[in-house]
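A short write-up of the structure that comes next.
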Amino acid sequence: MDEKTKKHGFHPVYLLLIVPFIALLWVPLYNRIEPQIFGIPFFYWYQTVWTFLGTACTIPVYLYEERKGK
Amino acid sequence: MSANPVALTVFLVLFFATAGLGFYATKMKSVNLSDLGQWGLGGRSFGTLIAWFLLGGDIYTAYTFVAVPALVAGAGATGFFAVPFTILMYPVLFVVMPRLWSVAQKRGYVTAADFVRGRFGSRGLALAVAATGIVATIPYIALQLMGMQIVFAGMGLNFTLNLPVIGAFHDLPLLVAFLVLAIYTYHSGLHGTAIISVAKGILVYVAVLAAVIVIPIELGGYGKIFAAADPSTLLLGHGTANNLGPQFSFASLALGSALALWLYPHSITGVFSSSSRSVLKRNAFLLPSFTFALALIALLGVMAVAVGVKGMPEYAEGYRIFGNNFAIPALFLHSFSPWFAGLAFAAIGVGALVPAAIMAISCGNLFTRNIYKEFIAPDCTPATESKVAKIMSLATKLAALFFVVALQSSYAINLQLLGGIWICQTLPSVMLALYTPRQLNAPGLLLGWLAGMVTGTWMAISLQFKGAVYSLDLFGVTIPCYAAIIALLLNILIAYAVSFLARAITNAPVRDETLAEDYL
């Protein structure tokens, strides 16, 4: 790795950490009833599923940093 | 509310056995509790698993178990903002907190104010951060006391005492909650609390998983549960051409709360007690498992409406005293067999006790290190230091008790949102200072903080402390926004602008004792 990226530490994988902010703060995206799952409106299950998707966004960044020994 | 003997016995045994475990654990480890680093920070020794339980026990509080489902039961979709909040706080944990942990570990900082003092060489700014931390935590402790009070009352411990002089005394459950917390915190410290966090985690998961399986079966499935909900509150209202509407306030509450969370003294204590940066990063993707539990608990609020506990005569008194905050206790009493209701109540009770203890400990730390040692008695011994911290932690609990009595809020969640407005104002000094130290200095940060605190408090007063969403009129458009965010934006603007001016005018020397490599 060259000196510049080492200093600033930016790698595209960090963009993953922004994804949950877009997915959850853009409320019109999920403020709806359909599609339902087991009778649970979209609004409720979408946000609940994001508890796992948020984790899925963080793990690659963690693995990247561990490999780099940060 | 009459006591069910089975439920009450199970509750008392589990609750007090768990609290007792804290004392016992402390005795077994022969920890020197007169040392502030031990009583207040657990010796920075907790690995991934214990940190998972401790941070989980620390962050998921009566807010999660009582206040959020109460808001969902009473106001519908709005209450669900707690789910995006507790998801979005983890990218913040992952990116920001390892930097703060590193510099704290290298320089021996115990509080956020210690860091601010080191970074900017300003006692005044450190004092502002410390005082804000204490003031913002008091309503949060109040929320925990209220959680315990509701649990004790729900178990039937709410008879009225007729005292001489004072007269009728109704607040026995609150008094019991306060005494348990005070005695527990004084004797246990963070080591004991780490142990009972494990018990809390197990109790909470057992109770929640049982509830989300058993109750929908009783009610005939989730479809019927949502069909029984008020259709007008099932989703957030849409905005209009000149009002951004509830969707915007929902997002602002989630974002503001996520930014505020790691600034709280108890969160920082939890973070600093971890043994390494990697422990924090791993927990940024392990802790969301508790957020999943929070989402399920929020759904219990919808179930409380479907079951109709609010209209049942046996819970009328609970609702009269605690409003919708009684929704989950009533739902548990109604849906579970007595022994399991006792277990679920113990989960809520311990769930409030653990964070309240850590909050009180952190306030003690802040006062001792950044106010008492800094301004009153610089040469005090470690033993005195520890004693002052313990006395101060008791004082914050008394202040919290006052809050509960004075602000008997229909939604307990407002107590937490109020604290959030204040603690957010330390974000520039604590978080932005990790990244842009040269663009910020003490005069700018202090003025920004002052502006944020004044406008934030003013908005809270204009809402009569009954809400936290302030409607801002800007260019003919109404923007309903969490007051913490509005005050924070003003704070940041002033902090950078005044810092820039101060640097241009005075050319004052930089008094940063930390080095760039301390943060890695």
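The values are calculated or read from the model by the stated rules, or taken from the named source; none is laboratory data. Remember, it's a predicted structure, so these values are computed and weren't measured experimentally. Ideal geometry is used to build each Cβ from the backbone, glycine not excepted, and the neighbour counts take in all protein chains shown.
Okay, here's what the table says:
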quantity	calculated
In region A:52-70, the residues that are within 10 Å of chain B (Cβ to nearest Cβ), part of a helix (DSSP H, G or I) and over 15 Å from the mean Cα position of the chain (by Cα)	A:E65, A:E66
Verdict on B:S249 being more than 11 Å from chain A (Cβ to nearest Cβ), closer than 30 Å to B:I141 by Cβ and of a type in the set (G, A, S)	no
Matching entry among B:F345, B:F367, B:F340 (being assigned to a helix (DSSP H, G or I) and surrounded by fewer than 23 Cβ atoms within 10 Å (Cβ to Cβ))	B:F340
Among (1) under 30 Å from B:A516 (Cβ atoms); (2) part of a helix (DSSP H, G or I); (3) of a type outside the set (D, E), the one test that B:Y109 misses	(2)
When residues of region B:366-386 are limited to those that are small (G, A, S) and over 27 Å from the mean Cα position of the chain (by Cα), the one farthest from B:V110 (Cα to Cα)	B:A377
Residue within region B:438-448 that is of a type in the set (D, E, K, R), modelled with pLDDT under 95 and part of a helix (DSSP H, G or I) present	yes
Flag for A:F10 being at pLDDT below 90, at the interface with chain B (Cβ under 7 Å from one of its Cβ atoms) and out of contact with any strand residue (DSSP E or B) (no Cβ under 9 Å at 6 or more places or on another chain)	no
First in region B:450-467 and part of a helix (DSSP H, G or I), second anywhere and surrounded by fewer than 18 Cβ atoms within 10 Å (Cβ to Cβ), Cβ under 8 Å, 6 or more apart	B:A451/B:L490; B:G452/B:L490; B:T455/B:L490
Scope region A:17-51; condition of a type in the set (G, A, S) and more than 7 Å from chain B (Cβ to nearest Cβ); matching residues	A:A23
Wholly within region B:213-297, helices (runs of 4 or more DSSP H) carrying at least 1 residues that are crowded, with 23+ Cβ neighbours inside 10 Å and polar (S, T, N, Q)	B:245-261, B:265-272, B:277-286
Qualifying residue in region B:201-217 (condition: more than 29 Å from the chain's Cα centre (by Cα), under 29 Å from A:F43 (Cα atoms) and within 13 Å of chain A (Cβ to nearest Cβ))	yes
Extreme residue, nearest to B:L93 (Cα to Cα), among residues of region B:266-314 that are within 14 Å of another protein chain (Cβ to nearest Cβ) and β-branched (V, I, T)	B:V279
From B:V135, B:V72, B:V95, B:V68, residue being without any contact (Cβ under 8 Å) to a residue 24 or more places away in the chain and outside any loop (DSSP other than H, G, I, E, B)	B:V95
Condition broken by B:P265, with the remaining ones in (1) closer than 15 Å to B:L331 by Cα; (2) touching a helix residue (DSSP H, G or I) at 6+ places or on another chain (Cβ under 9 Å) satisfied	(1)
Selected residue [in contact with a Cys (Cβ under 9 Å, 6 or more places away or on another chain) and more than 14 Å from every other protein chain (Cβ to nearest Cβ)] from B:L259, B:L263, B:L244	B:L263
The listed residue being surrounded by fewer than 24 Cβ atoms within 10 Å (Cβ to Cβ) and closer than 30 Å to B:V72 by Cα, out of B:L401, B:L432	B:L401
